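Quick notes on the structure that follows.
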Amino acid sequence: MITRAPEPRVGNDFWDSGEDEHLGDEDYFGDDISALGHGELEQHRELREYARLAAWELPMLSKLARPFEVPSAAQPLRFRYTTYLGEEHPAAKKVVVEFCTSDMPGLTQLQTDKLIKLAGPRYNPSTNIVKMSCEMFGTQAQNKRYLRETVNNLVKEARDGKDTFIDVPFDFRHHKPKARFEFPKEWILTPERKQYLESKRLQQLELDSGLKQSGNLLDGAKLVERVLSSQMQIPELEMVEAARGKQRLPS
């Protein structure tokens with residue numbers, strides 16, 4: 001009976017530091033793929049995982065779909081969020097709220113004007129929309145709550161009749177209206193305009209064909225050849241040998 005000699009035990013504690021570790025690693029014979037190849041395989045496994053999710057899990061999401069419902073008059077606020085899938089981004093906590101001043105319930109025209117004056121540069125006179133954002137807090141829920149409370153405070157102050165701000169003029173200097181250019185109606189291709197342009201093209205083609213038959217049609221290639229052949233030949237410069245040594249100037 002042949003027995004295998006036990007390998008010497010090497011501990012991993014403080015007293016065995018500096019000793020060789022006999023872990024029994026297999027020898028490498030160059031038959032494995034490189035680290036780049038393993039990365040490609042990992043990416044392939046990830047793609048196959050998403051393909052399985054798209055084939056088996058994605059059809060089940062249709063059960064959770066809900067039809068779109070138009071916001072009612074009691075929901076004038078529109079919140080907007082930004083989500084970065086698969087990563088954490090500092091801008092993901094930002095929340096933006098928009099509302100139209102004319103959609104706020106229970107406000108008279110005088111109170112609406114006061115609300116516009118309180119909104120200040122956040123009001124867009126072209127669209128009649130107030131836009132505010134918040135990213136002071138760490139979560140979207142906190143920022144949304146802060147915006148909702150801010151809008152409620154604005155509406156509460158607008159309904160306060162102690163000071164109507166009627167003596168304060170509107171200040172829209174922050175708004176720079178953008179020029180919107182429209183396509184001229186005269187440039188629209190109507191059927192009559194298309195027919196006129198087609199007739200002009202046919203007339204030009206008939207004129208060119210007549211000139212070509214008579215030999216008077218201008219040919220660019222022939223014109224270039226004629227100009228090149230008519231150019232004067234530039235005489236070649238002759239090399240003149242300089243005199244050696246210094247020469248005296250005539251007295």
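The values are calculated or read from the model by the stated rules, or taken from the named source; none is laboratory data. Predicted model only: the values in this text are computed from it and were never measured. Reconstructed Cβ throughout: ideal geometry from the backbone, glycine too, with neighbour counts over all protein chains shown.
Which one of ARG4, ARG9, ARG45 is more than 30 Å from ASN143 (Cα to Cα) and modelled with pLDDT of 90 or more?
The unique qualifying residue is ARG45.
Among the residues of the range 37-84, which ones are within 30 Å of SER102 (Cβ to Cβ), of a type outside the set (A, V, I, L, M) and more than 30 Å from the chain's Cα centre (by Cα)?
Those that are within 30 Å of SER102 (Cβ to Cβ), of a type outside the set (A, V, I, L, M) and more than 30 Å from the chain's Cα centre (by Cα): SER72, GLN75.
Kindly establish whether PHE79 is touching a residue at least 24 places away in the same chain (Cβ under 8 Å), over 16 Å from GLN142 (Cβ atoms) and surrounded by 12 or more Cβ atoms within 10 Å (Cβ to Cβ).
Details: touching a residue at least 24 places away in the same chain (Cβ under 8 Å): yes; over 16 Å from GLN142 (Cβ atoms): no; surrounded by 12 or more Cβ atoms within 10 Å (Cβ to Cβ): yes.
No, not satisfied.
How about the range 28-42: which of its residues are among the hydrophobic types (A, V, I, L, M, F, W, C) and assigned to a helix (DSSP H, G or I)? First the steps, then the outcome.
First, pick out the residues of the range 28-42 that are among the hydrophobic types (A, V, I, L, M, F, W, C): 29, 33, 35-36, 41.
Of everything in the range 28-42, those that are among the hydrophobic types (A, V, I, L, M, F, W, C) and assigned to a helix (DSSP H, G or I) turn out to be ALA35, LEU36, LEU41.
Has the range 127-142 got at least one residue that is surrounded by 12 or more Cβ atoms within 10 Å (Cβ to Cβ), in a loop (DSSP other than H, G, I, E, B) and at positive phi?
Within the range 127-142 (the criterion being surrounded by 12 or more Cβ atoms within 10 Å (Cβ to Cβ), in a loop (DSSP other than H, G, I, E, B) and at positive phi), the answer is yes, since at least one residue qualifies.
Per-residue answers, yes or no, for (1) surrounded by 10 or more Cβ atoms within 10 Å (Cβ to Cβ); (2) modelled with pLDDT of 80 or more; (3) outside any loop (DSSP other than H, G, I, E, B):
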| position | (1), (2), (3) |
| --- | --- |
| GLU192 | no, yes, yes |
| TYR196 | yes, yes, yes |
| LEU207 | yes, yes, yes |
| GLN213 | no, yes, yes |
| ALA221 | no, yes, yes |
| LEU228 | no, yes, yes |
| ILE234 | no, no, no |
| VAL240 | no, no, no |
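Might you let me know whether the range 147-166 holds any residue that is surrounded by 11 or more Cβ atoms within 10 Å (Cβ to Cβ), touching a residue at least 12 places away in the same chain (Cβ under 8 Å) and touching a strand residue (DSSP E or B) at 6+ places or on another chain (Cβ under 6 Å)?
So far as the range 147-166 goes, yes, one or more of its residues are surrounded by 11 or more Cβ atoms within 10 Å (Cβ to Cβ), touching a residue at least 12 places away in the same chain (Cβ under 8 Å) and touching a strand residue (DSSP E or B) at 6+ places or on another chain (Cβ under 6 Å).
How do the pairs read when you match residues in the range 49-69 that are on the phi < 0 side of the Ramachandran plot and without any contact (Cβ under 8 Å) to a residue 40 or more places away in the chain with residues anywhere that are part of a helix (DSSP H, G or I) and surrounded by 10 or more Cβ atoms within 10 Å (Cβ to Cβ), using Cβ under 9 Å and keeping only pairs 6 or more apart or on different chains?
Close Cβ pairs satisfying both conditions: none exist.
With respect to GLY39, is the statement that it is farther than 18 Å from GLY86 by Cα and at pLDDT below 90 true?
Working: farther than 18 Å from GLY86 by Cα: yes; at pLDDT below 90: no.
Here the answer is no, as GLY39 does not meet what is asked.
Has the range 160-167 got at least one residue that is out of contact with any Leu (no Cβ under 9 Å at 6 or more places or on another chain), assigned to a loop (DSSP other than H, G, I, E, B) and under 30 Å from TYR50 (Cβ atoms)?
No, because not a single residue in the range 160-167 is out of contact with any Leu (no Cβ under 9 Å at 6 or more places or on another chain), assigned to a loop (DSSP other than H, G, I, E, B) and under 30 Å from TYR50 (Cβ atoms).
Within the group PRO125, PRO169, which residue is of a type outside the set (A, V, I, L, M, F, W, C), in contact with a helix residue (DSSP H, G or I) (Cβ under 9 Å, 6 or more places away or on another chain) and without any contact (Cβ under 8 Å) to a residue 40 or more places away in the chain?
From the options PRO125, PRO169, the qualifying one is PRO169.
From the list ARG201, ARG148, exactly one residue is charged (D, E, K, R) and in the same structural domain as CYS100 (by TED's automatic domain parsing). Which is it? Write out each step before concluding.
On the way: ARG201 fails: in the same structural domain as CYS100 (by TED's automatic domain parsing).
That would be ARG148, the only listed residue that is charged (D, E, K, R) and in the same structural domain as CYS100 (by TED's automatic domain parsing).
Would you point out which residue out of THR150, THR139, THR101 is β-branched (Val, Ile, Thr) and within 30 Å of the chain's Cα centre (by Cα)? So that I can check it myself, show each step before the final result.
Details: THR150 fails: within 30 Å of the chain's Cα centre (by Cα); THR101 fails: within 30 Å of the chain's Cα centre (by Cα).
Only one candidate qualifies: THR139.
Any idea which of PRO76, PRO71, PRO105 is over 30 Å from ASP163 (Cβ atoms) and in a loop (DSSP other than H, G, I, E, B)?
Matching residue, one of PRO76, PRO71, PRO105: PRO71.
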